[in-house]
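Step one of this worksheet: look at the structure below.
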Amino acid sequence: MSVIQIMPEFLCNRIAAGEVVQRPASVVKELIENSLDAGATEIIIQINDGGRELIRVIDNGTGMDQDDLLLAFEQHATSKLFHVDDLAEVKTLGFRGEALASIASVSRIEAKTCNNSRAEGFRLFMNGGKVDCLEGVAMKQGTSITVRNLFFNTPARKKFLKSTNAEYRHCVEIVRRFAISRPSVRFHFTADEREVYRLPPEDLSSRLRRIFSPRVMENCIAIHQEEPPLTLVGFMGARDLVRRKSGEQYFYVNGRLVTDRLMNSAVYSAYGASLDKGEFPFFVLFLTLPLKEVDVNVHPAKTEVKFKNEWIIYQFIRQSCEQALKHWLVETDRKETSLTSNFQEAEFQSLKTPALPRLEGEQLTFSDTSKNSEPQAGSKTSFEQPSMLSLDDRIRRFEKSISDEMFYSDEPHSITIERNFWQAHGKYIFTQISSGIVIIDQRAAHTRILYDRALKSLQQISASASQQLLFPISLELSPDDYSLLLEIIPSLEKLGFSMREFGKYTILLEAIPADLHWLEEGKVVMQILDDYKASRRLHNPISEKVANSYAERAAIRRGEIMTPAEMQRLTDELFQTDNPYMSPSGKPIIIQLTLNELKRRFEER
């Protein structure tokens, strides 16, 4: 018997399914692509159990006749390519002819289609890639594909699927990508009979406003740049939309969403120094160029492309984004200058107006003790921000709250510390001990303190101390972020957050932990959510993930100037933790220089 043999067709389909159908979201992607290629103007997507039990995509496209319906599920059967030259100018989203055959080989399929106005269509049943039944059916023009029991005949693949919520979030992201790319198409997406998206035909700006939130579009910069044959249109997020996670970067090439690190870096470089390492801006960009200038046949899932002149395109994207940002900054400065001049004029006029007598019991609240301070918009009177107090006030406040007996020389992790501290560069605390000098990383120390405190709070039944917000904050989330936040709300509430559901995919934040004095309350919740999303691959308990994220976000910023009393308090609390020498991420907190080491460095040279 020959060693080399031709693989049977069913095995080829299983192998192709491994490349094309990785999870339920892959099926949703392939079916929506077929609907759009068929000219659909309305697409309905339904999933159950994260897509494992049911995936149904219904469209009003051109439909198929009986012969085409049978042929569509054959390997390498396609209506989109006929000649080798067609590969150089691929106009459709799908073109390989592998998707339907691969999907059918690992699921149970019901396909209905009609290509006429007489409502005379056909229905096909398939089981594991084999045809069970073909019959006539009455239906409107279009196609409906129902996929049930995905991976029912490949249990090994089914074990690799994530939880229902995780698979649901992947499906949401796929639908969102197509909804952004085709704002003129009506989309209706439901999950477990619960509506996720109902998007009417509209322009791109309205579509983005509906998918994300009005706040996102209020902080977006429009781009429209043409250098024939290249065109770049879309929106870039301002600094307020920068997040510590990737995923909200949408780059389309001739209407096809692609992942291209080089082109993404072109956008990042346009932000320059305003973008820190590990930060990702929001953008939705559409690049249009001649079909011959891009090769889309370089990836099985069609998510990557290859450009003929990538460096020319890189420079075009970077310069276009830079110009849009500069123009936006100029306009913003002009508006702020106008507002400032109006405010100064109003102040000048108020000097001419006699002061009104103060009513009995009325109190005036100032956010700063300096003479030239101005009231801060949206400031809260429930607590004072340390960075806005004078140095003398901060020293008095902390010295009043710290007793002289706060020494922990009898503790297991103790170091007897003198009451003399000094700070270097707003980052490091120096103090003298009996055997030499101790250097403490102030942010790492505060992170360790907050981490231990958070873990203890998460293990308790009752919630930690919190502060009620004067005005609750409304957080509008995407469906996948909303689903993820619901997982960690019980943990956040134990830390001192108070929030509740408030409409569709909206959370109302009513209280925050007492530690969050200097952070933007709504922003820190989104940052914790981003960190938790990034750490889901780790096998740590959810309490450790949330505690670590909270500590990282609530810890004192680098460059924060501290008073001697604040440094003393931070040091005292550090040596009450379980491990004062190591941060939660494994970085050192304390470096000790002994007298012997100092002597050796200075005297023995």
Between Gly255 and residues 5 or more places away or on another chain, the pairs with built amide H atoms under 5 Å apart involve Leu287
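For a protection proxy built on the mean count of beta-carbon atoms within 10 angstrom, sort 500-511, 52-63, 247-258 highest first, please.
Ranking the peptides 500-511, 52-63, 247-258 by packing returns 52-63, 247-258, 500-511.
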Hey, what do the phi angles of the range 28-38 turn into as Karplus ³J(HN,Hα) couplings, whole Hz, using 6.51/-1.76/1.60 and θ = phi - 60°, x for Gly and Pro?
-> 4, 4, 5, 5, 5, 4, 5, 5, 5, 5, 7
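Over the range 212-327, what per residue volume does the convex hull of the Cα atoms give, in whole Å³?
106 Å³
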Pick out, from Cys133, Ser206, Gly63, the residue whose Cα sits farthest towards the positive end of the charge dipole of the range 9-207, with +1 on the Cβ of Lys and Arg and -1 on the Cβ of Asp and Glu.
-> Ser206
³J(HN,Hα), Karplus 6.51/-1.76/1.60, whole Hz, each residue of the range 144-156, x for Gly, Pro = 10, 10, 10, 10, 10, 6, 4, 6, 5, 9, 10, x, 5
Each residue of the range 240-245 in order: what ³J(HN,Hα) in whole Hz does its phi give by Karplus 6.51 cos²θ - 1.76 cosθ + 1.60, θ = phi - 60°, with x for Gly and Pro?
-> 5, 9, 6, 10, 8, 9
Tell me, in nm to one decimal, what length is gained between Asp572 and Arg557 on full extension, where the rule is 0.36 nm per residue of separation less the Cα-Cα distance?
-> 3.5 nm
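A short reminder: the numbers here are calculations on the coordinates, not readings from a lab. Since the model is a prediction, treat every value here as computed from it, not as a measurement. Cβ atoms come from the backbone with ideal geometry, glycine included; neighbour counts cover every protein chain shown.
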